[in-house]
């Protein structure tokens, strides 16, 4: 098995940190609105694992694609994206079906890596 590139680990850690911060804010919003219960916490934890795991899998895919020819790399990336979206969908369905998860709290964290990426230029100026 190939080692995980330090850049992939660093960027995944950044995404994980921001996802935790945004998740804490989301928990606070649920609490202030009076909708907080243990299902929100469990759903949020499921969503965090899904969002950060998705980002890590994407990073590993890009790392592996760099070793392939252009056409093979493109197909590999497309397949990876399809499989990762399918995995996120399955996790959302599990959150909907299993009553210990709040489905909104599980799905909203899927957006947090996008927010973290959008904030990145404001934090890191190089």
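The values are calculated or read from the model by the stated rules, or taken from the named source; none is laboratory data. Being a predicted model, the structure only gives us computed values, none of them experimental. Cβ placement follows ideal geometry from the backbone for every residue including glycine, while neighbour counts extend to all protein chains displayed.
Some notes on this structure:
- Residue within the stretch 13-35 that is outside any helix (DSSP H, G or I), out of contact with any helix residue (DSSP H, G or I) (no Cβ under 7 Å at 6 or more places or on another chain) and surrounded by 13 or more Cβ atoms within 10 Å (Cβ to Cβ) present: yes
- Residue ID - surrounded by the fewest Cβ atoms within 10 Å (Cβ to Cβ), chosen from residues in the stretch 100-126 that are modelled with pLDDT under 95 and not in a helix (DSSP H, G or I): 126
- With respect to the conditions (1) crowded, with 16+ Cβ neighbours inside 10 Å; (2) more than 23 Å from residue 99 (Cα to Cα); (3) within 12 Å of the chain's Cα centre (by Cα), residue 8 falls short on a single one, namely (3).
- For first residues located in the stretch 79-99 and surrounded by fewer than 11 Cβ atoms within 10 Å (Cβ to Cβ), partners that are at pLDDT 95 or above and not in a loop (DSSP other than H, G, I, E, B) and lie 6+ apart or on another chain with Cβ distances below 8 Å form the pairs 99/39.
- The set of residues in the stretch 42-82 that are out of contact with any helix residue (DSSP H, G or I) (no Cβ under 9 Å at 6 or more places or on another chain) and not in a helix (DSSP H, G or I) contains only 69.
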